[in-house]
1. For n ≥ 4 DSSP H runs only, could you compute -39500 (n - 2.57) per run for the chain, divide by its residues and tell me the 222 nm figure to the nearest 500?
2. Among [x] 19.5, 62; [y] 20.9, 74; [z] 16.0, 46, which is the computed Rg and Dmax of the Cα atoms in Å?
3. Which net charge results for the neighbourhood of residue 70, defined as the other residues with beta-carbon distances under 14 angstrom from its beta-carbon, given Lys and Arg at +1 and Asp and Glu at -1?
4. Taking the alpha-carbon distance from residue 211 and a cut-off under 20 Å, which aspartates and glutamates remain once sequence neighbours fewer than 8 residues away in the same chain are dropped?
5. Pick from 147, 97, 189: which is most flexible by mean-square fluctuation in a GNM of the chain where alpha carbon atoms under 10 Å apart are linked?
6. Please report, in debye to the nearest 20, how large the charge dipole of the chain is about its Cα centre when each Lys and Arg carries +1 at its beta carbon and each Asp and Glu carries -1 there.
7. With a 1.4 Å probe and all protein chains left in place, how much of the accessible area of the chain comes from carbon and sulfur atoms, in whole percent?
8. Taking the Cα-to-Cβ direction at residue 207 and at residue 169 and moving 7 Å from each Cα, how far apart do the two end points lie in nm?
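The values are calculated or read from the model by the stated rules, or taken from the named source; none is laboratory data. These numbers were taken from a predicted model, which means no experiment stands behind them. Using ideal geometry, Cβ is built from the backbone for each residue, glycine included, and neighbour counts are taken over all protein chains shown. SASA here: full protein model, heavy atoms, side chains in, ligands and nucleic acids out. Shrake-Rupley method; radii C 1.70, N 1.55, O 1.52, S 1.80 Å.
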Amino acid sequence: MAGFAFLAKLTYHGIVGRVVLCALAALFVAMATDTAASQSKTQIDTWLESPEIMLDAAVLLTIDVAAQIAFCFLMGRKISGGLRSAVGRRALAVMLWFPGLAIFPALLALLTELIFSFTGADFATVGYSLAGGVLVGAPLAAAGLRWLLPEDDIRLELLFLASLLTAALGVTATVNGRTAAAGVSFIEWNALGAVLLLLFCGAVAGIILNKYLTNKRIRKI
């Protein structure tokens, strides 16, 4: 969710804005390589079981979601032509350049998982490779998302829904400072693959239907 929200917000930037924010994310990955390499799965599990850390994470997640939702409302008013005040335009500019808080722990988690996966590989190589992938791949992914969904309002709606889902997951993840669900040490790859395939097919079908209806309306006009 954090990655999608980051990419969705990048679609409202120009080339310069995408490069700057992706460079910031890539710099974070490069600087966090030593920190990620010094962690262990046991230590990470201990962090996830800590009520204090879970509560702090819930607070940060709430702030991040609130910022994303504020951006959605402000951008929605701009798209509809209702954002006329100077204060609103300045607030939108600030929210637009705010990459989100959740993307950084998500990148750190991805980096740690990659270091654990490539056993024996040089930590710096893995970290800098991921940083390069973020620097090059994220702007391309944002451009691809903008090409698939050229309508600003549809992308904004998806970002809003993703933010709401993130908020719901954040609430259910902590109950009185304790994790509501016990962690598991395995992944149901078949079930995960089926869900991802279903989501992919639904997304492709929706994009095709949207383009067909849009072209049909244009031909009528």
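1. It comes out at -26500 deg cm²/dmol, rounded to the nearest 500.
2. From the options [x] 19.5, 62; [y] 20.9, 74; [z] 16.0, 46, the structure gives [x].
3. Numbers: positive: 9, 77, 78, 89, 90; negative: 64.
Here the count lands on +4.
4. The reachable aspartates and glutamates, counting only those whose Cα sits under 20 Å from residue 211, are 151, 152, 153, 157.
5. Among 147, 97, 189, the largest GNM mean-square fluctuation belongs to 189.
6. 1500 debye
7. 71 percent
8. 2.1 nm
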